[in-house]
Amino acid sequence: MENYFILPFTLGMITLFVILFIKYGLWIARLSHIDKLRIIQCIFTRRTWDAIVESVMEGLLHRSIFKRNPLLGYMHMSLAFGWFLLIVVGHIEGFLCYGTFANAPWIPIFFQYFVHYQFPGERIMTNLMDFLLLFILSGVLLAYFKRLNSKIFGIKKTTKLKPFDKMAMIALWFIFPLRLFAESATAALYGNGGFLTNSVANLFILIHVTPTMESILWWAYSISLGLFFVGMPFSRYMHILTEVLFIFLRHYGIKLKKQFNSYSRIQVYSCSRCGVCIDVCQMHVANISNNQSVYILKNIRDQNLTDRKLYNCLLCGRCEQVCPVKINLNDLRISQRIRATKEYNSDYAFLQSLPNETPTTGKQPEVIYFAGCMTHMTPGIKKSIVKVLDKANVNYIFMDKEKGACCGRPLMLAGQYEAAKKLIDFNRKKILESGAPVLLVSCPICYKVFRDDYELGQITIKHHSEYFLELVEQGRISLKKSNSSIVYHDPCELGRGCNVYEQPRELLKKTGTLLSAKQEKVMSLCCSGSLGDLSLSMPDRNVIKAETLKVLLQKNPDVLATACPLCKKTFVKGVNIQVKDIAEIVANAME
Amino acid sequence: MRNFGFTTTKSRTIDYEKIDTRLISYILQNEPSFNACLSCGSCTAICSAGNLTSFNIRKLSLQIRLGDIENTKLEIDKCMLCGKCLLECPRGINTRNVIMLIKKGLNIIDKNEI
Ligand code: SF4
Ligand code: SF4
Ligand code: SF4
Ligand code: SF4
């Protein structure tokens, strides 16, 4: 009779399992056919093992958060891993006591209440359980502090909560202190506690704890567990389980598509709201603190994303770089833009009436060069590329020398997917018909879309920094080293976008002294000129640019080098030292 | 009326009372920087779409102010959103956003939502 207190817990758990079963079932059922086949194919391979390892490392131990912020990492780990161990050890305790693992699910949860007598290994197990409880309680304590004062965690702003979040969070806060008190009350009455519960029990004995009080505490503990389980699927804590699903799907090679689909939804719900993405975002410099990825994901879940927030993002990729859950934040945002603008895409009918012959050189070309809109705006870069190619005797076709269509990336960034496809088809045909084995580009924005969306088959796509380094290595050009000091700015689309960090640096080392910057390579800052942002005002851009320049120019270099015409164009209007594209530097240093 | 064998041209007066301001108000509401356009034409000189077609973004910006929605619909689809105009504009106007707002505004007008 007095065992009714297990009901809130049990009902809560059943509700949780039913909801999860339906939710995950639907998500998986709605994956595309190909994705499902991929899962079936991969399920009995090493990938499953890798996914299990990563689930433990990230889902339980929170290694990535740890690396960025040890205190925050400890908080997440103590709650997740500690609770997990508490359940595992609870089951072992049940086994030692009853000789079987097939106990009712509430036995390990309310073990102290049910078992007052001796069993093999009792002392060790009880103390171990106490230790784990202490471990979790330290995490809960940190969570209280985090709510009160997020600054000690190095987080500028902590995330806002919805009613279900609040309910689940408060329940979570209460679960472990209540467990401590309930176990201590039992320990006070029956003397079956460990080092922690016995200490609290000594206090309880002073106030003469009665079986009624004991029962009330166990009820309270059970209710807080039940409330947490019922609230969980509708709250942020859903991420704990969704992340594990996401890790498995990611290991099975499922990729995010342009259109928002079931997999995108799984990613959205995997966000733990750890807040790591908030801090790295440069928009804070311009006092914009409502559009960071964590808020966008929340808006997607709550279906209240406004255009202004959606479009106010540089798509610089810094947040994606640091996200411990490895959510494809950039592409997710783009997929939302695709959804928002799908009713008005251009068809570029005029492309059909353009003269459509591909330029030729007579001989088999080595390279087809696409300058793109931005390079055409920076004639210095264009001239330098041509100069280097001529000097190295490269037989090339200049694809958009006179007239050319845009590469399509700016449209893609704005979510104009169907429109971008029209330009892609137009350019793609020309590139394939040229017969050149290499496509050379001098703009990382073009580079990104050529690599991701063009499907050029055998043709290798090269950014000029990669191609020029090859020319040097093959001895087709040689560079003279000067004594100027150079700092290099990694363009977002080239660095984080296409993973090219070393080639530009190799080239620069051959022409001068390369200085390092405080934030570079994967953590380089955005120049602020990004085409990814549609609503950022010019004054705000300038504020962000000034901050970036401060970091880059810290060591007083002679030259600020970059590898993107847009970065160059952006920086030129803000500094009084030379800003040069790597193409110009190479062209000048040729012997 | 008596036919004298000649016709008068249509009045070229702009009647401010009759201008269709739905599109321009929608744009200005969401991108106030568009107010600062001085019709210098820098954007048009550099325009990628203008290089391929007769697209003239400066002219279009005037036509939008005069409420010529039909022509805007035909023209705006030529822009490739490349962003060159953004870099060239001396008034720091967020031209790419203006263009997206034109597209969205036209879509909303089509659906009779403004
Ligand atoms: S998006 Fe990633 S980094 Fe940002 S809060 Fe979510 S999990 Fe953390
Ligand atoms: S992509 Fe860059 S600008 Fe956008 S939210 Fe992430 S860090 Fe901020
Ligand atoms: S964004 Fe459009 S209007 Fe501006 S330069 Fe490019 S094609 Fe022309
Ligand atoms: S460059 Fe700027 S100010 Fe000049 S016409 Fe274009 S939008 Fe207007």
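Every number here is computed from the coordinates shown, using simple stated rules; none is lab data. Being a predicted model, the structure only gives us computed values, none of them experimental. Cβ coordinates were reconstructed from backbone atoms using ideal geometry, including for glycine residues, and neighbour counts include every protein chain displayed.
Descriptive notes on the structure:
- Boolean, B:Gly67 is under 23 Å from B:Thr21 (Cβ atoms) and either at the interface with chain A (Cβ under 8 Å from one of its Cβ atoms) or assigned to a loop (DSSP other than H, G, I, E, B) (or both): yes
- Residues in region A:351-394 that are of a type in the set (Lys, Arg) and in a strand (DSSP E or B): A:Lys363 only.
- Some residue of region B:4-23 being within 14 Å of chain A (Cβ to nearest Cβ) and surrounded by 13 or more Cβ atoms within 10 Å (Cβ to Cβ): yes
For every residue, the table says whether it meets (1) polar (S, T, N, Q); (2) free of Cβ contacts under 8 Å to residues at least 12 places away in the same chain.
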{"residue": "A:Ser32", "(1), (2)": "yes, no"}
{"residue": "A:Ile52", "(1), (2)": "no, yes"}
{"residue": "A:Gly59", "(1), (2)": "no, no"}
{"residue": "A:Asn69", "(1), (2)": "yes, no"}
{"residue": "A:Leu72", "(1), (2)": "no, no"}
{"residue": "A:Trp83", "(1), (2)": "no, no"}
{"residue": "A:Tyr113", "(1), (2)": "no, no"}
{"residue": "A:Met125", "(1), (2)": "no, no"}
{"residue": "A:Phe135", "(1), (2)": "no, no"}
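- Matching residues in region A:277-307 - criterion: being on the phi < 0 side of the Ramachandran plot, away from ligand 2 (no atom under 11 Å from the Cβ) and away from chain B (no Cβ under 14 Å): A:Lys298, A:Asn299, A:Ile300, A:Arg301, A:Asp302, A:Asn304, A:Leu305
- Any hit, region A:449-466, residues being more than 21 Å from A:Leu389 (Cβ to Cβ) and of a type in the set (A, V, I, L, M, F, W, C): yes
- Screening region B:94-114 for residues that are more than 8 Å from chain A (Cβ to nearest Cβ) and closer than 26 Å to A:Ile445 by Cβ and picking the one that is farthest from ligand 2 (Cβ to nearest atom) gives B:Ile102.
- Counting the residues of region A:298-327 that are more than 11 Å from ligand 1 (Cβ to nearest atom) and not aliphatic (A, V, I, L, M) gives 14.
- Residues that are farther than 23 Å from A:Thr378 by Cβ and within 11 Å of ligand 4 (Cβ to nearest atom) within region B:32-81 comprise B:Ser33, B:Phe34, B:Asn35, B:Ala36, B:Cys37, B:Leu38, B:Ser39, B:Asn56, B:Lys59, B:Leu60, B:Ser61, B:Leu62, listed in sequence order.
- A:Lys421 being farther than 21 Å from A:Lys568 by Cα, outside any loop (DSSP other than H, G, I, E, B), within 14 Å of chain B (Cβ to nearest Cβ) and over 26 Å from the mean Cα position of the chain (by Cα): yes
- Test: residue in region A:549-563 that is surrounded by fewer than 21 Cβ atoms within 10 Å (Cβ to Cβ) and within 10 Å of chain B (Cβ to nearest Cβ): no
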